[in-house]
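The values are calculated or read from the model by the stated rules, or taken from the named source; none is laboratory data. As the structure is a prediction and not an experimental result, all values here were calculated from the model. Glycine also receives a Cβ, built like all others from the backbone with ideal geometry; neighbour counts cover every protein chain displayed.
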Amino acid sequence: MNRYQKIAWFNLAVMASTVIATAITMAVEFHLRGYSTLSSWVFVGFLALLKFSRFLFKKPQNPGGVVTDERDELIVKKAVAQAWMAFWWVFVALCFVAFLAIGPRNSVPTITLPLIVIAAGMFLKAACSVAILVQYGRVESESQRRGPEPPALRGQDR
């Protein structure tokens, strides 16, 4: 597993644990006090871990090995493009759903706007991570169909 795959799994794990921890904190606080303030700090605290993902997994797996190459960069560029495309489809669909649910004469509460921005950021990060993992899965399945690598490439992190 190379650096970008590890980062993608790390991002997905952090986002899943953020949602779970925030939901638990919110449920406990609503049960105890009737409102929730601590859950927003739990949410922000867990999401702050996403900023550290680029500093992780920088060492090559073997001495003198390569951390990333052109293929990895191409996969990441494709993943970002696919994440943006998925984001816009979901965003436009949700805008129409909100319009149909709320109606043209009602307004949206102001707390909704920062929540939309946070949800959009999480969706983009999750979609990009999933796209990276899917593309690496396709590349690995294609390489298995082709057969073993030449001896010169064996053991290197591409």
Checking Phe30 against (1) part of a helix (DSSP H, G or I); (2) out of contact with any Ser or Thr (no Cβ under 6 Å at 6 or more places or on another chain); (3) surrounded by 10 or more Cβ atoms within 10 Å (Cβ to Cβ): exactly one of these is not met. Which one? (2)
Return only the number of the condition from (1) farther than 20 Å from Leu124 by Cβ; (2) modelled with pLDDT under 80 that Arg54 does not satisfy. (1)
If Leu74 satisfies every condition in (1) over 20 Å from the mean Cα position of the chain (by Cα); (2) surrounded by fewer than 17 Cβ atoms within 10 Å (Cβ to Cβ) but one, which is the exception? (1)
Ala48 passes all but one of (1) over 24 Å from Tyr136 (Cβ atoms); (2) of a type in the set (Gly, Ala, Ser); (3) surrounded by 12 or more Cβ atoms within 10 Å (Cβ to Cβ); which number fails? (3)
Unique residue being modelled with pLDDT of 85 or more and within 21 Å of Met15 (Cα to Cα) when the list is Ala101, Ala126, Ala93: Ala126
Do we have Leu113 as surrounded by 11 or more Cβ atoms within 10 Å (Cβ to Cβ), modelled with pLDDT under 90 and out of contact with any Pro (no Cβ under 9 Å at 6 or more places or on another chain) here? no
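Which residue, of Gly64, Gly45, is outside any helix (DSSP H, G or I) and free of Cβ contacts under 8 Å to residues at least 40 places away in the same chain?
On the way: Gly45 fails: outside any helix (DSSP H, G or I).
Result: Gly64 is the single residue among Gly64, Gly45 that is outside any helix (DSSP H, G or I) and free of Cβ contacts under 8 Å to residues at least 40 places away in the same chain.
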Is one or more of the residues making up the stretch 88-109 among the hydroxyl-bearing types (Ser, Thr, Tyr), free of Cβ contacts under 8 Å to residues at least 60 places away in the same chain and either loosely packed, with under 11 Cβ neighbours inside 10 Å or within 24 Å of Arg3 (Cβ to Cβ) (or both)? yes
